[in-house]
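Remarks on the structure that follows.
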Amino acid sequence: AWPETDRPRRAGVSSFGVSGTNAHAIIEESPIALDQGRPAVSGVVPWVISARTADALRDQARQLREYVEQRPELDTAAVADTLVNGRALFEHRAVVVAETPDALTAALDALAQGEPSPHLVQGIAPDETG
């Protein structure tokens, strides 16, 4: 166990190979999240969903629907952030915008079934390669 200090804890790791290959890494403790203890954001949060094909987009909606159903205390803002910043954006896209869990799951169901919803916008992004 490392003792608590007033600065981030760090460790250096070096590996020296017989063939001359050397590797060095500095590992640092992650910063304390500033929003710890704050309640989850409520209200309308856009979920950006993307996939390479229309079928894959519907599959993604089904998977998200199951994820929401299994987690009643879900932080919708954290999921929205991960969907936009933690995943690649592909050409087939949809945005689900809902304020209540019921509206969110209804919109995900509609997307999964290829049906319209007042809480859903979908389309295909233009090819950016020119």
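The values are calculated or read from the model by the stated rules, or taken from the named source; none is laboratory data. All of these numbers come straight from a predicted model, not from anything done at the bench. Counting neighbours? That spans all protein chains shown, and the Cβs are built from the backbone with ideal geometry, glycine included. Please note that ligands, DNA and RNA were not included when accessible areas were found on the heavy atoms of the full protein model with its side chains. Shrake-Rupley method; radii C 1.70, N 1.55, O 1.52, S 1.80 Å.
Can you give me the number of residues within the range 98-115 that are closer than 17 Å to VAL45 by Cα and open to solvent by 60 Å² or more (accessible area, probe 1.4 Å)?
The total comes to 4.
Of all the residues that make up the range 96-130, how many are more than 23 Å from PRO72 (Cβ to Cβ), hydrophobic (A, V, I, L, M, F, W, C) and not in a loop (DSSP other than H, G, I, E, B)?
Count: 2.
Select from the range 63-83 the residues that are over 11 Å from the mean Cα position of the chain (by Cα), surrounded by fewer than 15 Cβ atoms within 10 Å (Cβ to Cβ) and part of a helix (DSSP H, G or I) and list them in ascending order.
GLN63, GLU66, TYR67, GLU69, GLN70
Can you name the residue in the range 116-130 that is farther than 20 Å from GLU66 by Cβ and among the aliphatic types (A, V, I, L, M) and is also least open to solvent (accessible area, probe 1.4 Å) among such residues?
Selected residue: ALA125.
What about ILE27, is it within 30 Å of ALA1 (Cβ to Cβ), at pLDDT 85 or above and more than 15 Å from the chain's Cα centre (by Cα)? Show your work before the answer.
Details: within 30 Å of ALA1 (Cβ to Cβ): yes; at pLDDT 85 or above: yes; more than 15 Å from the chain's Cα centre (by Cα): yes.
Answer is yes for this residue.
Please go through the range 39-62 and pick out each residue that is surrounded by fewer than 18 Cβ atoms within 10 Å (Cβ to Cβ), assigned to a helix (DSSP H, G or I) and either modelled with pLDDT under 90 or among the hydrophobic types (A, V, I, L, M, F, W, C) (or both).
ALA54, ALA56
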